[in-house]
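A.B. asks: I'd like to ask you about the structure that follows.
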Amino acid sequence: MSPSPVTVAVTGAAGQIGYSLLFRIASGAMLGPDTPVALSLLEITPALGAAEGVAMELDDCAFPLLHSISISDDATTAFAGASVALLVGSRPRTKGMERGDLLAANGAIFTTQGRALAESAADDLKVLVVGNPANTNALIAMSNAAGVPRERFTAMTRLDHNRALAQLASRTQRPVTDIRHMTIWGNHSATQYPDLFRAEVGGTVATELVDDQAWLEGEFIPTVQKRGAAIIEARGSSSAASAASAAIDHVHDWVHGTPDGDWVSMAVPSDGSYGVPEGLISSFPVTCADGSYSIVGGLELDEFSRARIDASVAELVEERDAVAGLGLLG
Ligand code: NAD
Ligand code: LMR
């Protein structure tokens, strides 16, 4: 007998990211080749027709693992029975816009969706927030989802993690598979800290192999921090296929576990680790096993890294205070 389908809710299903993400989920890339998927799509009313079109294309792929597709403009209906919720739907940043401008524009979406998740999602719910500002939107959803364990709410820094892997692989002329222990700390924003002091390439600490502080500070860190803006500048719209791919990676590893001896970056509610105030959704190195994640403990932080982590965490505190001031925290 084939296993029961897992309900995966995706918001913003008719958007750019949705258009890459849904096909990969339906193909089995996220939950694996043995897990049938019931897709539940949430869109705003004017985009329901476009979501229908995406559903028609999903049908036309005849994915063996795709059990069913439902579409709604009501969050409680769309989240009913969801074990995985990918909160993508929100307005993306456009040229010249700072992420802070998105706080008020998008924050309100996540109060409603947090409440709806608490009302109708499955007990084993896992939430990934992709819509920006992702960390603070996850905080808003978490604080409005009474009764859902806080650790179920995460935000996406896996795209930043993957960008950092690609930059380091290119600089060292080594395959990404040679790299371990990459970490993104803090916020998914231009203050994030991609950390090479703990990363290893083929077993050698990355900063020893590269040994070029000018490249680290002048190229690597700003390239990763500002990659989102660079894509917007080049493409005229924000990253989509790479964001969808990172979302697949994030949930895949959360569900199936991280490889032995390595970790990934996830923005998760802080338990106070590394001096990050408890409850802030900040990016950490995490390992995953048996469907749960744990923040990697006991890493020694050098002064350079400490200052950068503190700067990004300070921005998260500002964002939290701003949305609290807007009355968005439950
Ligand atoms: P898009 O504009 O193409 O699509 C967004 C979709 O969300 C639209 O179809 C819109 O109708 C829908 N939507 C808006 N409000 C909604 C609501 N309340 N409920 C359900 N759906 C709603 O945008 P996109 O390019 O797909 O990007 C989506 C979000 O992801 C943006 O906020 C973007 O900045 C963010 N993003 C995050 C990362 C990351 O690494 N965390 C990377 C790339 C993009
Ligand atoms: C990205 O990192 O590509 C997205 O978060 C888009 C953005 O606004 O930077």
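The values are calculated or read from the model by the stated rules, or taken from the named source; none is laboratory data. Keep in mind that what you see is a predicted model, and the values were worked out from it rather than measured. Don't worry about glycine lacking a Cβ; one is built from the backbone with ideal geometry, like all the others, and counts go over all protein chains shown. Quick note on the areas: whole protein, heavy atoms, side chains included, nothing else; ligands and nucleic acids left out. Shrake-Rupley method; radii C 1.70, N 1.55, O 1.52, S 1.80 Å.
A.B. asks: Is it true that ARG158 is within 16 Å of ligand 1 (Cβ to nearest atom), under 18 Å from the mean Cα position of the chain (by Cα), of a type outside the set (Ser, Thr, Tyr) and closer than 21 Å to ALA214 by Cβ? Walk me through how you get there before you give the answer.
C.D. replies: Working: within 16 Å of ligand 1 (Cβ to nearest atom): yes; under 18 Å from the mean Cα position of the chain (by Cα): yes; of a type outside the set (Ser, Thr, Tyr): yes; closer than 21 Å to ALA214 by Cβ: no.
No.
A.B. asks: Now for a separate question. Please go through the stretch 226-243 and give me each residue that is open to solvent by 60 Å² or more (accessible area, probe 1.4 Å) and either in a helix (DSSP H, G or I) or more than 9 Å from ligand 2 (Cβ to nearest atom) (or both), ordered by number.
C.D. replies: Step one: of the stretch 226-243, the residues open to solvent by 60 Å² or more (accessible area, probe 1.4 Å) are 226-227, 233-235, 241.
Once the filter is applied, which keeps residues that are open to solvent by 60 Å² or more (accessible area, probe 1.4 Å) and either in a helix (DSSP H, G or I) or more than 9 Å from ligand 2 (Cβ to nearest atom) (or both), the stretch 226-243 yields ARG227, GLU233, ALA234, ARG235, ALA241.
A.B. asks: Name the single residue, out of those in the stretch 171-205 being among the aliphatic types (A, V, I, L, M) and farther than 17 Å from ALA134 by Cα, that is surrounded by the fewest Cβ atoms within 10 Å (Cβ to Cβ).
C.D. replies: VAL176
A.B. asks: If you go through the stretch 84-127, how many residues are in a loop (DSSP other than H, G, I, E, B), away from ligand 2 (no atom under 16 Å from the Cβ) and surrounded by fewer than 20 Cβ atoms within 10 Å (Cβ to Cβ)?
C.D. replies: First, pick out the residues of the stretch 84-127 that are in a loop (DSSP other than H, G, I, E, B): 88-98, 121-125.
From what is left, the residues that are away from ligand 2 (no atom under 16 Å from the Cβ) are 121-125.
With surrounded by fewer than 20 Cβ atoms within 10 Å (Cβ to Cβ) added as a condition, the list becomes 122-124.
Count: 3.
A.B. asks: Any chance the stretch 264-279 includes a residue that's farther than 29 Å from GLY18 by Cβ and within 16 Å of ligand 2 (Cβ to nearest atom)?
C.D. replies: Taking the stretch 264-279 as the starting set, the residues that turn out to be farther than 29 Å from GLY18 by Cβ are 270-279.
If we keep only those that are within 16 Å of ligand 2 (Cβ to nearest atom) as well, we get none.
So far as the stretch 264-279 goes, no, none of its residues is farther than 29 Å from GLY18 by Cβ and within 16 Å of ligand 2 (Cβ to nearest atom).
A.B. asks: Give just the number: which of (1) of a type outside the set (Asp, Glu); (2) within 16 Å of ligand 2 (Cβ to nearest atom); (3) at positive phi does ASN132 not satisfy?
C.D. replies: (3)
A.B. asks: On to the next question. Exactly one condition in (1) closer than 22 Å to ALA243 by Cα; (2) touching a Lys or Arg at 6+ places or on another chain (Cβ under 9 Å); (3) of a type in the set (Gly, Ala, Ser) is false for ALA75; which is it?
C.D. replies: Result: ALA75 fails condition (1) only.
A.B. asks: Quick one: how many residues across the stretch 102-134 are free of Cβ contacts under 8 Å to residues at least 60 places away in the same chain and of a type outside the set (Val, Ile, Thr)?
C.D. replies: So the count comes out to 11.
A.B. asks: State the number of residues belonging to the stretch 276-330 that are without any contact (Cβ under 8 Å) to a residue 24 or more places away in the chain and within 18 Å of the chain's Cα centre (by Cα).
C.D. replies: 1
A.B. asks: Something else: Using the structure shown, decide if ASP253 is crowded, with 20+ Cβ neighbours inside 10 Å, of a type in the set (Asp, Glu) and closer than 24 Å to VAL201 by Cβ. Quick ask: steps written out before the conclusion?
C.D. replies: Working: crowded, with 20+ Cβ neighbours inside 10 Å: yes; of a type in the set (Asp, Glu): yes; closer than 24 Å to VAL201 by Cβ: yes.
Yes: the conditions hold for ASP253.
A.B. asks: Further, regarding this structure: Provide a single number: the residues in the stretch 132-153 that are within 11 Å of ligand 1 (Cβ to nearest atom) and either modelled with pLDDT of 95 or more or open to solvent by 10 Å² or more (accessible area, probe 1.4 Å) (or both).
C.D. replies: Residues meeting the conditions: 5.
Matching residues to (1) under 16 Å from THR157 (Cβ atoms); (2) touching a Phe, Trp or Tyr at 6+ places or on another chain (Cβ under 9 Å); (3) open to solvent by 40 Å² or more (accessible area, probe 1.4 Å); (4) part of a loop (DSSP other than H, G, I, E, B):
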site: SER282; (1), (2), (3), (4): yes, yes, no, no
site: CYS288; (1), (2), (3), (4): yes, yes, no, no
site: GLU315; (1), (2), (3), (4): yes, no, yes, no
site: GLU318; (1), (2), (3), (4): no, no, yes, no
site: LEU328; (1), (2), (3), (4): no, yes, no, yes
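A.B. asks: Inside the stretch 293-313, can you point out the residues that are surrounded by 13 or more Cβ atoms within 10 Å (Cβ to Cβ) and not in a loop (DSSP other than H, G, I, E, B)?
C.D. replies: Residues satisfying the conditions are TYR293, SER294, ILE295, PHE304, SER305, ARG306, ARG308, ILE309, ASP310, ALA311, SER312, VAL313.
A.B. asks: Just to check your reading of the model, which residue among SER40, SER27, SER20 is open to solvent by less than 50 Å² (accessible area, probe 1.4 Å), within 22 Å of the chain's Cα centre (by Cα) and closer than 16 Å to HIS252 by Cβ?
C.D. replies: Values: SER40 fails: closer than 16 Å to HIS252 by Cβ; SER27 fails: open to solvent by less than 50 Å² (accessible area, probe 1.4 Å).
Going through SER40, SER27, SER20 in turn, just one is open to solvent by less than 50 Å² (accessible area, probe 1.4 Å), within 22 Å of the chain's Cα centre (by Cα) and closer than 16 Å to HIS252 by Cβ: SER20.
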